[in-house]
Amino acid sequence: MAEVIAGIGVSHIPALGVAMEGDGSGPAAAVFEKFAPVREWVRGLELDTVIVVYNDHASAFSLELLPTFAIGAAESYAPADEGYGARNVPVARGDGDLSWHLIDSVIPAGFDLAVAQKLDVDHGLTVPLTVLFGTPDEWPVKVVPIEVNVVQQPTPSAQRCFDLGRAIGRAVASFPGDARVGIVGTGGMSHQLQGKRAGHINTEFDLAFLADIVDKPQRLTEYSNRDLIREAGSEGAELVMWLVMRGALGDDVTGVHTGYHVPVSNTAAGLVAIDNRGREQ
Ligand code: DHB
Ligand code: FE
């Protein structure tokens, strides 16, 4: 039997990766303290595979070719060269059986995923792995990447992303093999990297989002993309990927950890960890 055991929402800011590569001392200590405690909880879950919902930042895709949704179905995913060399992190092992089961389930359910049988993954996917697992020689889990376009308008809505998550959750539940699966929604929190509002941070919005993603995700699905950009900034709209994660979980969940730190670069970094095994956990 396969089940989605846990959901995690986490920023993928490159500087967050750098902060989490350390030992908790030095200038990044405050960030490390807030985000590293989740590692022990994740280790205890003994996950086989994590589905990482992320956006590509012109590394594997570009404005010339940018799927609204794509799924990796490769044996492995190498860290992408983002212009200054690839991040020094392990190559992620794929989970072909789960990828193809998701493809066979989620596309007939009405979500036309592009299928990527070769995919280099950038900080959008690798920084969250560093937050969750530190700096091992090999990632301790297999990975299924799911890419979402949050760059080229029109991007998929919060509601559409939540519904995709629902379809992913149902698909995992019908996987014929045994698998302990986690799902990670990446990006955010509030930030804008360019233009007149560069440096925009909306802490009130972020903290309400961190609270409601656990128990009131329906409120968050009511945001239009325009609302999200106004409140959270042009790149803060990456938060729709947290709604894919939340959609894959049930109604009966427990929030086990949150972290929030401003600034990391000129950006708000957030983390939420949600247990999907029912209230008794
Ligand atoms: C930063 C944030 C991002 O989401 C990203 O993709 C790149 C950089 C930042 O805050 O520096
Ligand atoms: Fe980003």
For region 59-77, name all the residues that are without any contact (Cβ under 8 Å) to a residue 60 or more places away in the chain and more than 26 Å from residue 4 (Cβ to Cβ). 62, 64, 65
Restricting the first residue to region 226-238 and requiring it to be closer than 13 Å to residue 13 by Cβ, which pairs with a second residue that is among the hydrophobic types (A, V, I, L, M, F, W, C) and crowded, with 19+ Cβ neighbours inside 10 Å meet a Cβ separation below 6 Å and a spacing of at least six or different chains? 238/150
Got a number for residues in region 141-156 being buried (at least 17 other Cβ atoms within 10 Å of the Cβ) and of a type outside the set (Val, Ile, Thr)? 5
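Hey, could you check region 9-28 for residues that are away from ligand 2 (no atom under 13 Å from the Cβ) and touching a residue at least 24 places away in the same chain (Cβ under 8 Å) and say which is farthest from residue 258 (Cα to Cα)?
Applying the first criterion (away from ligand 2 (no atom under 13 Å from the Cβ)) to region 9-28 yields 9, 18-28.
Subset that is touching a residue at least 24 places away in the same chain (Cβ under 8 Å): 9, 19-21.
Values: 9: 9, 19: 17, 20: 16, 21: 19 Å.
Among residues in region 9-28 that are away from ligand 2 (no atom under 13 Å from the Cβ) and touching a residue at least 24 places away in the same chain (Cβ under 8 Å), the one farthest from residue 258 (Cα to Cα) is 21.
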Are any of the residues in region 178-196 surrounded by 14 or more Cβ atoms within 10 Å (Cβ to Cβ), more than 17 Å from the chain's Cα centre (by Cα), within 16 Å of ligand 1 (Cβ to nearest atom) and not aliphatic (A, V, I, L, M)? yes
Those residues that are buried (at least 21 other Cβ atoms within 10 Å of the Cβ) and under 19 Å from residue 199 (Cβ atoms), I need them from region 15-33; list them, please. 16, 19, 31
Hits in region 139-179 - residues which are assigned to a strand (DSSP E or B), over 19 Å from residue 11 (Cβ atoms) and out of contact with any helix residue (DSSP H, G or I) (no Cβ under 7 Å at 6 or more places or on another chain): 142
Failed condition for residue 277, given (1) within 11 Å of residue 6 (Cβ to Cβ); (2) in contact with a Gly (Cβ under 7 Å, 6 or more places away or on another chain); (3) charged (D, E, K, R), with all others met? (2)
Tally up the residues in region 48-85 that are assigned to a strand (DSSP E or B), within 16 Å of ligand 2 (Cβ to nearest atom) and either among the aromatic types (Phe, Trp, Tyr) or under 19 Å from residue 236 (Cα atoms) (or both), please. 3
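Since every read-out is calculated from the coordinates, none of them should be taken as a lab result. These figures come from a predicted structure and were not determined experimentally. Cβ: placed from backbone, ideal geometry, glycine included. Neighbour counts: every protein chain shown.
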